Amino acid sequence: MAGARRQTVVNADLALREIVASIDRDAGRASARARALIRDHPDLAVAHRVLAAALRRLGNVREAESAELRAIAIGLRHPAVVAAERAIADERFEEAERSIRPYLRENPEDAGGALILGTIAEKCGATKEAENLYRRAFMLAPAYLEARIALFKLLNQAGRQDEAAIILDDVLARDPNHLPALSLKGNLLLQSRRMDEAQTVYRRLVRAHPDDGRGWMGHAFVLKTIGRIDEAIAAYRKAVDLEPQRGNAWFGLANLKTVKFDRADIDRMKAALDHDDQDDDDRLHLHFALGKALHDHGDFDEAFAQYALGSELRRQKTPYDPKVLHANVLKAEAVFTPEFFTARADAGFPARDPIFIVSLPRSGSTLVEQILASHPAIEGTEELFDLERIARELAPDAPAGSYLDRIADLSHAALHERGRHYIEATRRHRQSDRALFTDKMPSNWVFTGLIHAILPNAKIIDVRRDPLGCGFANFSQHYNWGINFSYDLTDIGRYYADYVRMMDHFDHVLPGRIHRVMYEDLVDDLETEVRRLLDYLELPFDDACLRFFENRRAVHTPSSEQVRRPINSDGLHTWRNYEKWLEPLKQALGPALHGYRSRPSKPAD
């Protein structure tokens, strides 16, 4: 029996060689012979590839591509390929490579194998090799869209968005309703803040795939960002109806801040959390959403418990060390002295365009930005990363904050160039000819000294909120990226104390340079605070700033819906419902607990 099988394999191999040799002479006959061979050996992947070659010679591209995809599907069932994919899933990349390389030596034209080896290369940091393998995979089988998607993700992650977009457009040209490609295209447009185009893509996605919950979530996020709230709520509701265990969809509803959940919603979220197979990402989003729902119903004990559970999960994923920030604050105090700035009085780029709005998150910075963006001289952009990037470029291979070790060595010309570079780099975010623009990255407070050194004429607005209100608002909010201090009350308190200390330092070193806005004062007397703000910016008062809620600009932060309503004190004292749990926050705040409005004495190091 074994001998008969070996003879069958030999005969099939001889037939394949003869078919390949005859393709150029008579592609029609070669395709017929290949079909006959496939009837006898339907799982012979190479026979499908040979048929594809003959069909391409005949100009029958569509059927050729189908044959290539059948060959890939057969190859993916090979034991060596299955073993490699399992090893990748378990992050055993060396073992995965040991499985796939011998297979590819025997099957060098297997596009699926090339994709798998590319995945291993990417996971191991060999991005150039991964790129070459992904390109080889869809060169071997142009209709193998999974390989193009893999290349898109690699290029996008590497910051090569223009090249990545071309790859994605190639996929959609081949399959206009390709679900992963539409989803990635919508997200790419969102990242680029091309909201009208993103809306068009997500509409197309939900029409083509009405049962895809992720598509409805993306569609809802776009609608929320551009202020179409009723439609956004309906889209999020559609997502949770389709996938009630999807934590992101529930959190999307909660993050609108204006939706009040009913008891049926609470029961559904609790039921979703009871599923043992719920992954941590869905689970932590459900905890935060459920916390919001329980808060709405006055169940503060249980709400705090849910926030704490969500925070614990997030802290496990993204640990935070408060000592790193504190060390950088101390270093900034040592570097940015009056003598430092006196010696560089004529350095930096003289542009007056930027208005930096710095704060902790949940302090009212989005409200201040919305007020300013309603003035005819100011364009509201968003939270920009350009200042952080410039700081990192000063010490590219060192930990964050290391720019402080280099900045004193920069020449006047180098400081001027970096300021000019910031202005040039941020032009991509400008969409109007207004004279000024906002950069509302809250954490830019850590770069206050850098801002003054490279952009001495830029304005800096420090938005500050009662530390207990601000602290609890951060603890009860889940952020998608970056804000890792907010999942522990002690960490929040230490972060706030370092922030107050840093800004206090610059009040002494650069008196009058920074304008402070107290959120509570803004709520109590909007017009007076707006007039003070515009006086600092050397701009005439404009009544539109008081009607900021009429501004229909896209808003990308969790406060998007709050700034689309007239100013109110809703939520100002929410923290009082949770005060019995806030002792760690109070202790960590130290003098900043009561002195955040003035200049508290510096705590002992």
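Every number in this text was worked out from the coordinates using simple rules, so none of it is lab data. It should be emphasised that the depicted structure is a prediction, and the values quoted were computed from it without experimental measurement. Here Cβ is always computed from backbone atoms with ideal geometry, including for glycine, and neighbour counts include all displayed protein chains.
Each Cα pair under 8 Å and six or more residues apart adds its separation to the average, and for the chain the resulting relative contact order is 10 percent. Rounded to the nearest 20 debye, the dipole size of the chain about its Cα centre is 1500 debye, using +1 on the Cβ of Lys and Arg and -1 on the Cβ of Asp and Glu.
Packing here is the average count of other Cβ atoms within 10 Å per residue, and on that basis the peptides 521-533, 143-155, highest first, run 143-155, 521-533. Cross-link reach is defined here as a Cα-Cα straight distance under 23 Å, omitting same-chain residues fewer than 8 places apart; for residue 580 the lysines meeting it are 292.
Assuming a ≥ b ≥ c are the square roots of the Cα gyration tensor eigenvalues, decide whether segment 2-75 counts as rounded (a/c under 1.5), prolate (otherwise, with a/b larger than b/c) or oblate. Cα axes put segment 2-75 in the oblate bin.
Of 502, 481, 191, which is farthest on the positive side of the dipole of the chain, counting Cα position, with +1 on Lys and Arg Cβ, -1 on Asp and Glu Cβ, and the Cα centre as origin? With unit charges placed on the Cβ atoms, the residue in question is 191. State the label only: which of (i) 26.0; (ii) 29.2; (iii) 27.8 corresponds to Kirkwood radius over Cα pairs in Å computed from the shown model? Evaluating Kirkwood radius over Cα pairs in Å on these atoms matches (iii). Pull out a ≥ b ≥ c, the square roots of the eigenvalues of the alpha-carbon gyration tensor of segment 142-208, then state rounded if a/c is under 1.5, prolate if not and a/b is larger than b/c, and oblate in the remaining case. Taking the square roots of the gyration eigenvalues as a ≥ b ≥ c, segment 142-208 is oblate.
The calculated Kirkwood hydrodynamic radius for segment 288-410 is 18.8 Å, given to one decimal from all distinct C-alpha pairs. Axis of helix 27-40 versus longest Cα principal axis of the chain: the two differ by about 90°, to the nearest ten degrees.
The Cα center of segment 195-231 and the Cα center of segment 47-68 differ in position by 38 Å.
Shape verdict for segment 95-228, please, from the Cα gyration tensor: rounded (a/c under 1.5), prolate (a/b greater than b/c) or oblate. Prolate, because a/c is 1.5 or more and a/b exceeds b/c.
Each Lys and Arg Cβ is given +1 and each Asp and Glu Cβ -1; about its Cα centre, segment 2-75 then shows a dipole of about 100 debye.
Relative to the current alpha-carbon distance between residue 229 and residue 480, full extension at 0.36 nm per residue lengthens the span by 88.3 nm.
Find which of 327, 375, 303 sits farthest along the positive direction of the dipole of the chain, computed with +1 on the beta-carbon of Lys and Arg, -1 on that of Asp and Glu, about the Cα centre. The Cα lying farthest towards the positive end belongs to 375. Positive contributions from Lys and Arg (+1) and negative ones from Asp and Glu (-1), summed over other residues with Cβ under 12 Å from the Cβ of residue 279, come out at -2.
Think of the chain as a dipole: +1 on every Lys or Arg Cβ, -1 on every Asp or Glu Cβ, centred on the Cα centre; then among 355, 223, 447, 223 lies furthest on the positive end.
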